[in-house]
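*Asks:* Before anything else, here's the structure in question.
The values are calculated or read from the model by the stated rules, or taken from the named source; none is laboratory data. Just so you know, these numbers come straight off a predicted model, no measurement behind them. Here the Cβ positions follow ideal geometry from the backbone for every residue, glycine too, while neighbour counts run over all protein chains shown.
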Amino acid sequence: MQKKRWEASQTSPTASASKPPPPNIKLRTGIVGIERSIQEKQKQTDESISLAFQDLSKLMVMAKDMVHLSQNISTKIREKQGDITEDETVRFKSYLLSLGIEDPVTRDAYKSDNQYYRSLAKQISEIVHTPITEVGGMMTLTDVYCRVNRARGLELLSPEDLLNACRLMESLDLPLKLYLFESGVMVLQLVTLNDESIADSTAELLEEKGSLSSEELAQFLGISVMLAKERLLTTEKFGKSCRDDSTEGLRFYPNWILNREE
Amino acid sequence: MSEEQYEWPWQYSFPPFFTLQPHAETRARQISVWRNLVLDYFRGTKQYTLDIREASRQSLFCNTAINRKLDTEFILAILSDLQRTQNAAPIDKQRHRWEIYWHTLEEWANMIYNYVSSSGATNSVLTLFELTQGDDVQSEEFCGLDTDVLIKVLRVLENERKCELMLFDDQQGVKFF
C-alpha cells in the first residue's frame, strides 16, 4: 500500500506540472480526499469572514464619525449655542440617507422626549382620525395601537409611547383626545363627541327597544361590547337609564323610575 | 284585605325596580317608592312585623311574574330608611325581624288616646284585648293592632303620663288618665 501511495503522489505532480495547479485543491481520492476538501472549504470561509470584518471595522470608524457629529448637534441644541451650520445638517442627512433611514419619527432623531411625543401625537392623529370617525367617534386604545403599528410597518411603537403621545393630544388642539372611563377603559375619541349627546342617543335607543344589554347594543351599533357597556354606563350616569341586574344578566331600561309621569 | 287582593303599582312590574340603582337621584326616588309601597302594603294587609329571612317568600319583595326579587342589602336599605322616619324598628340584634309602623308610634298613641277620651273610658281599666279586639273598636284604625306594638304605643303614652300599663302574667291591662 505504501508503494501505491508513493506512486500516486508521484503521478499527481507530474500530471499537474503542465498547467498551474488550482491553488488550494489537492487531488485526492477516497475518504481522506473528501475530508481534506471539507477542511479547505472551512479555511476559505474563515478567510472571507475575516475580510468582511475588516469592512465592518471600517464601518465602525465611519459610524464613530457620525455619532460624533450628532452629539455635536445635540449639544449645540441643548446649549443653544451657535447655529447648526447648514453644512453639518447636510452631512447628517446624507449619513442618514446612506444608512437607509429617510426621515422617520424615531426617538434617536430627537433631543427631548416631549418633542418626540408631540410629533408622534400628530402622526397618530392623522392615521386614526378617519377610522375613528367611521366607527362612531370612539376607539379603545388597544385598537388604536394595532392600527397605528400596522400602518407604520417598521419602527413599531411601544404601548407606553402611544399612551404618552395620546395624553398630549388635547393640549395640541388635535381633533382627537384621550378619554378615561370610570371603569379604567381608555379610548381615543373625537373632541366633538360629547358625553351627554351619547347619553341622549342611547336613551332614545332604549325607548325604542324597551331594554338593552351590552351585547345587544354592541351588535346594533357595530361597536365592541366594552364600548357599548361604557355607553350604557354613561347614559346611566346622566340619569337617563336605570339598570336591571339579575340572574338573567345586566340590562338597561329607560329611566322610568325617575322620569315617568305618575 | 288579603295579600292576593293587593293592587300593585306599575313599578312592581318594572324589572329595574328590584335592582338598587347606583345613580343617586334615581335611587332616592326608588327608595321613596319602595317605602310607600311597604307601608301601604302592611296597612292594607294589616301586618305589623316582617322577617328579612322570609323575604323571598313574600310577594311584596318577590315578583315571580317577572322573576325579580329584592336582595337582602336592598331590603335593609329600605328598612333603614323607614327606621329613620320612625316607621320601622328592628326587634332583634341581628336585625332580621322588624316591626313596621305604618302609623308611627306617636300617631298610634294619639289615635288611641283620642278614642279613649271621646268614649269616656278614662279612669277605667281596659284589657289590651278589649282595646284592640273588642266589639267597640272594630271600626277603628287600630283594631287588630299587634300586641307588642300596642305595648310600645302605650309606653309612649305612659311617658306622657296619659296612662299606666299593668302587665301581669295572666292579664294585661291599661288604665288611662
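*Asks:* Kindly check whether there is at least one residue in the stretch A:217-225 that is surrounded by 17 or more Cβ atoms within 10 Å (Cβ to Cβ), within 14 Å of chain B (Cβ to nearest Cβ) and in contact (Cβ under 8 Å) with a residue 12 or more places away in the chain.
*Replies:* No: the stretch A:217-225 contains no residue that is surrounded by 17 or more Cβ atoms within 10 Å (Cβ to Cβ), within 14 Å of chain B (Cβ to nearest Cβ) and in contact (Cβ under 8 Å) with a residue 12 or more places away in the chain.
*Asks:* Quick test of your reading of the structure: B:Val38 fulfils all but one of (1) part of a loop (DSSP other than H, G, I, E, B); (2) within 21 Å of B:Met1 (Cα to Cα). Name the failing condition by number.
*Replies:* (1)
*Asks:* Does B:Gln30 satisfy the condition of being within 12 Å of chain A (Cβ to nearest Cβ), under 16 Å from A:Cys242 (Cβ atoms), surrounded by 14 or more Cβ atoms within 10 Å (Cβ to Cβ) and out of contact with any Cys (no Cβ under 6 Å at 6 or more places or on another chain)?
*Replies:* The answer is yes for B:Gln30.
Conditions tested, residue by residue: (1) within 14 Å of another protein chain (Cβ to nearest Cβ); (2) among the polar types (S, T, N, Q); (3) in contact with a helix residue (DSSP H, G or I) (Cβ under 7 Å, 6 or more places away or on another chain); (4) in contact (Cβ under 8 Å) with a residue 24 or more places away in the chain.
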| residue | (1), (2), (3), (4) |
| --- | --- |
| B:Tyr48 | no, no, yes, yes |
| B:Arg53 | no, no, no, yes |
| B:Ser56 | yes, yes, no, no |
| B:Asn87 | no, yes, yes, yes |
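*Asks:* Which residues, counting only those in the stretch B:75-104, are among the hydrophobic types (A, V, I, L, M, F, W, C) and either buried (at least 19 other Cβ atoms within 10 Å of the Cβ) or in a loop (DSSP other than H, G, I, E, B) (or both)?
*Replies:* Residues satisfying the conditions are B:Ile75, B:Ile78, B:Leu79, B:Leu82, B:Ala88, B:Ile91, B:Trp98, B:Ile100, B:Trp102.
*Asks:* May I pose another question? Looking at (1) at pLDDT 90 or above; (2) in the same structural domain as B:Leu150 (by TED's automatic domain parsing); (3) not aromatic (Phe, Trp, Tyr), which is the one condition that is false for B:Ala89?
*Replies:* Here B:Ala89 clears every test but (2).
*Asks:* Among the residues of the stretch B:109-121, are any in the same structural domain as B:Val33 (by TED's automatic domain parsing) and in a helix (DSSP H, G or I)?
*Replies:* Scanning the stretch B:109-121, I find no residue that is in the same structural domain as B:Val33 (by TED's automatic domain parsing) and in a helix (DSSP H, G or I), so the answer is no.
*Asks:* How about the stretch B:1-27: which of its residues are facing another protein chain (nearest Cβ under 10 Å) and either assigned to a loop (DSSP other than H, G, I, E, B) or touching a Leu at 6+ places or on another chain (Cβ under 8 Å) (or both)?
*Replies:* Of everything in the stretch B:1-27, those that are facing another protein chain (nearest Cβ under 10 Å) and either assigned to a loop (DSSP other than H, G, I, E, B) or touching a Leu at 6+ places or on another chain (Cβ under 8 Å) (or both) turn out to be B:Pro9, B:Gln11, B:Phe14, B:Phe18, B:Thr19, B:Leu20, B:Gln21, B:Pro22, B:His23, B:Glu25, B:Thr26, B:Arg27.
*Asks:* Do we find that B:Asp81 is more than 14 Å from chain A (Cβ to nearest Cβ) and in contact with a Ser or Thr (Cβ under 8 Å, 6 or more places away or on another chain) in this structure?
*Replies:* In short, no.
*Asks:* Search the stretch A:236-261 for residues being part of a loop (DSSP other than H, G, I, E, B) and either more than 9 Å from every other protein chain (Cβ to nearest Cβ) or crowded, with 18+ Cβ neighbours inside 10 Å (or both), and hand back the single one that is farthest from the chain's Cα centre (by Cα).
*Replies:* If we take residues in the stretch A:236-261 being part of a loop (DSSP other than H, G, I, E, B) and either more than 9 Å from every other protein chain (Cβ to nearest Cβ) or crowded, with 18+ Cβ neighbours inside 10 Å (or both), then A:Glu261 is farthest from the chain's Cα centre (by Cα).
*Asks:* Mind checking whether some residue in the stretch A:180-188 is out of contact with any strand residue (DSSP E or B) (no Cβ under 7 Å at 6 or more places or on another chain), within 12 Å of chain B (Cβ to nearest Cβ) and either surrounded by fewer than 20 Cβ atoms within 10 Å (Cβ to Cβ) or of a type in the set (D, E, K, R) (or both)?
*Replies:* Scanning the stretch A:180-188 turns up at least one residue that is out of contact with any strand residue (DSSP E or B) (no Cβ under 7 Å at 6 or more places or on another chain), within 12 Å of chain B (Cβ to nearest Cβ) and either surrounded by fewer than 20 Cβ atoms within 10 Å (Cβ to Cβ) or of a type in the set (D, E, K, R) (or both).
*Asks:* Then there is this: Just one of the numbered conditions (1) aliphatic (A, V, I, L, M); (2) crowded, with 18+ Cβ neighbours inside 10 Å; (3) within 14 Å of chain A (Cβ to nearest Cβ) is not true of B:Val38; which one?
*Replies:* (3)
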